[in-house]
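In what follows, a structure is listed as C-alpha cells, so that the remarks can point back to it.
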Ligand SMILES: Cc1cc2nc3c(=O)[nH]c(=O)nc-3n(C[C@H](O)[C@H](O)[C@H](O)COP(=O)(O)OP(=O)(O)OC[C@H]3O[C@@H](n4cnc5c(N)ncnc54)[C@H](O)[C@@H]3O)c2cc1C
C-alpha cells in the first residue's frame, strides 16, 4: 500500500488526505494543534459557531471545489456584506454609490455619480487606481478621498507598512462600484457549512485509511538527511505533504520569512445584535482592523440573546509561539522562499502545499483546488 504523511489538518491537508485515502493510500496526518481544521477550526458557544482563527466565508467559482466539499457538509446560502465605520457613519464596502451618498453632501454626490455613470456606465466597477489618474479633477479628488478613507489607513494597519511598500498589484485590483450592489463577493457559489467548518473537516478525515495524530510538531518527527527524509528516526519513502512554514521546519537555515500575525480578541455581549453587518471594517481609526459578529455569518436564525464578536489586531510575526497568518510577499522574501524550495526539491517525495507551504495568501477554495491537483499528481506518480 502506498503511504503518505501529511503535516497539517487544515483544508489543504484534509483534502489530500481524503482523496489519497480513497485511492488506496495509507494516510498519516499530523498536526501541532490539539484540534483538526487549521485556520477554519470553529466551536459552538452560546449556540453560535465561533471561528477561532478569524472570520471565514466560503466563496468560489469552481464547480469542482464546491462539489468536492459538498460531500462533507450541507450548506446554507450566504451572501456576505461588509460595512466600514467612518467615525460612526456606516458605509458599504466595496465603496459603491450608497457609500458616496453617505459621505458627500447631496449636490456633490449627485454630480460625482453623474460623471461616473456617464464615463463608465451604470453597474460597472472601476479600479481605484484608474480613478486616481482620471483627467477630470472632480473624479481625481473623489478617488483620493476614497483611497484615504477606505484603503490607506486600513492597509497600513493591516500590513504595518505604507501602501508604497506593498505589491502594487494589490491596490490595482481594488474596485469602486458604480452601482448599489452591496455584495462583497461576486462568485457563483457563496455558502457556509451548516454544521460548521470543523464538522466538515472531521467528515473529510473520517476514513479507514486515515490516521490523525494531534499535538505533534513536524520538526520533532521529520528530518532531512543526505540520503533522504526520516520520519520518527526511520528513513521513509512515503510521500510527504507539508502544509506548514518551511523556514520554521528547516530552522531558518536560509533566513526567516516575514509574516503578519493577528491577535484576536473575542467578546460576548448580552444583546441580540452588536453591529449592523457581519463584518465592520475600521478604516480611519482604531487599532483593530475589523469586528466580525459570528451569529450573522456562521449561524443564521440562532435563538440566542447573546452575541459573540472578534476584533482583529494585526502585528508583526516575531516568534514561533505566534501563528504566521499572512506571508509578506516582496522581492526579498520570495528570493528567500525560493532557496527553501530549491533545497527541498532534492527530495522528490517532499511536497509543499497550502497557504504556508506555498508562502502565498490563498482563499479556502484555492487551498482545496491546489490540494486536488497535488493528490492527482501523486495518484498518477
Ligand atoms: C484571518 C483570516 C481570514 C480568512 N478568511 C477567509 C475567508 O473568509 N474565505 C476564504 O476563502 N479564505 C479565508 N482565509 C484563508 C484560509 O484560512 C486559508 O485558505 C486556509 O486556511 C488554508 O488552509 P491550509 O490547510 O493551507 O492552512 P491552515 O488552515 O493554516 O492549516 C495548516 C495546518 O498545519 C498545521 N501545521 C503547521 N505547521 C506545522 C508543523 N510544523 N507541525 C505540525 N503541524 C503544523 C497547523 O497547525 C494547521 O492546522 C482567511 C485566512 C485568515 C488568516
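Bear in mind these aren't lab numbers, they're just calculated from the coordinates by the rules spelled out. The structure displayed is predicted, hence computed values, not measured ones. Ideal geometry is used to build each Cβ from the backbone, glycine not excepted, and the neighbour counts take in all protein chains shown.
Does anything in region 84-111 have its amide N under 14 Å from the 7 Å Cα→Cβ label point of residue 138, and if so which residues?
Zone members listed by number: 105-111.
Once you have the Cα-Cα distance between residue 227 and residue 148, take 0.36 nm times their residue separation minus that, and quote the gain in nm to one decimal.
Details: separation 79, 0.36 × 79 = 28.44 nm, distance 5.53 nm.
Between residue 227 and residue 148, full extension yields an extra 22.9 nm.
Determine the gain in length on full extension of the stretch residue 206-residue 34; use 0.36 nm per residue of separation and subtract their C-alpha separation, reporting nm with one decimal.
On the way: separation 172, 0.36 × 172 = 61.92 nm, distance 1.71 nm.
Between residue 206 and residue 34, full extension yields 60.2 nm more.
Divide by every residue of the chain the summed helix terms, -39500 (n - 2.57) for each DSSP H run of at least 4, and state the resulting mean residue ellipticity at 222 nm, rounded to the nearest 500 deg cm²/dmol.
Rounded to the nearest 500, it is -9000 deg cm²/dmol.
Rank-order 306-314, 225-233, 81-89 by packing density, defined as the average count of other C-beta atoms within 10 Å over each peptide's residues, highest first.
Details: 306-314: 19.0, 225-233: 11.3, 81-89: 16.2.
Most protected by this proxy first, the peptides run 306-314, 81-89, 225-233.
What is the distance, in nm, between label points placed 7 Å from the Cα along the Cα-to-Cβ direction at residue 306 and at residue 373?
Inter-label distance under the simple model: 4.4 nm.
Can you compute the FRET efficiency between residue 74 and residue 130 using 1/(1 + (r/R0)^6), with r the Cβ-Cβ distance and R0 = 41 Å? Round to the nearest 0.05. It would help to have the intermediate numbers written out before the result.
Details: r = 41 Å, r/R0 = 1.01.
Approximately 0.50, to the nearest 0.05.
What order do you get for 239-245, 1-7 when each peptide is scored by the mean count of other beta carbon atoms within 10 Å, highest first? Please list the in-between numbers first.
Details: 239-245: 24.4, 1-7: 19.7.
Top of the packing list down: 239-245, 1-7.
Round to the nearest 0.05 the FRET efficiency obtained for residue 313 and residue 186 when R0 = 35 Å and r is the Cβ-Cβ distance.
Working: r = 29 Å, r/R0 = 0.83.
For R0 = 35 Å, the calculated efficiency reads 0.75.
Let me check the size of region 125-235 from its C-alpha atoms; what are the radius of gyration and Dmax in Å?
Over region 125-235's Cα set, Rg and Dmax evaluate to 24.0, 69 Å.
State the extension gain, in nm to one decimal, for the chain segment bounded by residue 342 and residue 87, taking 0.36 nm per residue of separation less the distance between their alpha-carbons. Spell out each step's value before the answer.
Working: separation 255, 0.36 × 255 = 91.80 nm, distance 4.89 nm.
Length gained, residue 342 through residue 87: 86.9 nm.
Using only Cα atoms, tell me the angle between helix 331-344 and the longest principal axis of the chain; keep it within 0 to 90° and round to the nearest 10.
20
Round to the nearest 0.05 the FRET efficiency obtained for residue 22 and residue 118 when R0 = 41 Å and r is the Cβ-Cβ distance.
Taking R0 as 41 Å, the efficiency between residue 22 and residue 118 is 0.15.
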